[in-house]
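The values are calculated or read from the model by the stated rules, or taken from the named source; none is laboratory data. On a predicted model such as this, the values are computed, not experimentally measured, just so you know. We place every Cβ from the backbone using ideal geometry, glycine too, and count neighbours over all the protein chains shown. Side chains are part of the model used for accessible areas, which takes the heavy atoms of the whole protein and leaves out ligands, DNA and RNA. Shrake-Rupley method; radii C 1.70, N 1.55, O 1.52, S 1.80 Å.
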Amino acid sequence: TFTISNFWGYLKPWLTTTDHKEVGILYFLYGFTFFLVGGVLALLFRIQLALPENSFLSETEYNSFFTLHGTTMIFLAAMPMIAGFANWIVPLQIGAHDLALPRMNALAFWLNPAAALLIFTGIFSGQGADVGWTGYAPYIVSHTAHSGATLWVAGQILLVASSTVAGINFMTTFCTMRAPGMGWMQ
């Protein structure tokens with residue numbers, strides 16, 4: 001039977017894990033979830049484009065969904081899946097039991113959901129980011145920028161922090177945890 005204590009007993013190890021394979025699974029699940037979210041966003045703005053003079057979405061909603069679709073598919077779906085694959089394979093390739101900095105590995109993962117929350121908060125406040133796929137500076141720093149664009153930028157900064165922390169962890173692992181006798185070109 002379902003009880004909160006049984007559920008928490010199952011969920012807590014996943015929320016606190018530092019094992020590279022389990023963090024890799026979390027990355028895969030996270031990436032796949034946002035792959036579905038990005039697909040729904042694409043469907044929404046494709047419905048708008050299905051008929052001429054369709055009023056399914058307003059111009060602002062269309063621009064927001066277009067921006068969030070691109071951000072979601074690249075930064076919240078594809079990149080986490082790549083990081084999940086790297087979490088699984090890097091220690092196995094070099095003969096290490098885990099990554100060099102397992103807590104930093106977990107931190108790199110948990111920065112992603114925090115970033116997603118910031119990126120999508122604009123929609124829930126009615127002012128989703130509407131800066132296209134690129135977010136060039138005139139859209140972000142102009143006097144017409146709104147809280148949704150600001151939150152989008154804050155989320156992007158968290159994603160950069162996550163990638164930086166993960167990259168430092170991978171490089172540290174490459175440099176310090178190779179199997180005995182494994183050279184740089186092996």
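Quickly run through the range 101-135 and pick out the residues that are polar (S, T, N, Q), at pLDDT below 95 and under 18 Å from the mean Cα position of the chain (by Cα).
Thr121, Thr134
(1) under 27 Å from Ala149 (Cα atoms); (2) under 24 Å from the mean Cα position of the chain (by Cα): which one isn't true of Gln48, the others all being true?
So Gln48 meets the others, but not (2).
When you go through Val40, Val23 one by one, which is the residue that is under 18 Å from the mean Cα position of the chain (by Cα) and exposed (fewer than 13 other Cβ atoms within 10 Å of the Cβ)?
Sole residue among the options that is under 18 Å from the mean Cα position of the chain (by Cα) and exposed (fewer than 13 other Cβ atoms within 10 Å of the Cβ): Val40.
Tell me the residue from Pro138, Pro180 that is over 15 Å from Val23 (Cβ atoms), at pLDDT below 95, of a type outside the set (S, T, N, Q) and not in a helix (DSSP H, G or I), please.
Every option except Pro180 fails the conditions.
Among the residues that make up the range 169-180, is at least one of them crowded, with 17+ Cβ neighbours inside 10 Å, within 29 Å of Val90 (Cα to Cα), touching a residue at least 40 places away in the same chain (Cβ under 8 Å) and not polar (S, T, N, Q)?
The answer is yes; a qualifying residue exists.
Based on what the data block shows, is Leu117 open to solvent by 50 Å² or more (accessible area, probe 1.4 Å), closer than 22 Å to Phe45 by Cα and not in a loop (DSSP other than H, G, I, E, B)? Walk me through it before giving the result.
Numbers: open to solvent by 50 Å² or more (accessible area, probe 1.4 Å): yes; closer than 22 Å to Phe45 by Cα: yes; not in a loop (DSSP other than H, G, I, E, B): yes.
Yes.
Scan Ala100, Ala78, Ala129 and give me the residue that is in contact with a helix residue (DSSP H, G or I) (Cβ under 6 Å, 6 or more places away or on another chain) and either open to solvent by less than 20 Å² (accessible area, probe 1.4 Å) or part of a helix (DSSP H, G or I) (or both).
Ala129
Answer yes or no as to whether Leu49 is open to solvent by 30 Å² or more (accessible area, probe 1.4 Å), assigned to a helix (DSSP H, G or I) and without any contact (Cβ under 8 Å) to a residue 40 or more places away in the chain. Can you show your working first?
On the way: open to solvent by 30 Å² or more (accessible area, probe 1.4 Å): yes; assigned to a helix (DSSP H, G or I): yes; without any contact (Cβ under 8 Å) to a residue 40 or more places away in the chain: yes.
Considered against the rule, which asks whether it is open to solvent by 30 Å² or more (accessible area, probe 1.4 Å), assigned to a helix (DSSP H, G or I) and without any contact (Cβ under 8 Å) to a residue 40 or more places away in the chain, Leu49 comes out as yes.
What pairs can you find where one residue is in the range 15-43 and within 17 Å of Leu92 (Cβ to Cβ) and without any contact (Cβ under 8 Å) to a residue 60 or more places away in the chain, the other is part of a helix (DSSP H, G or I) and open to solvent by less than 20 Å² (accessible area, probe 1.4 Å), and their Cβ atoms are less than 7 Å apart, with a gap of 6+ or different chains?
So the pair list comes out as Phe28/Gly84.
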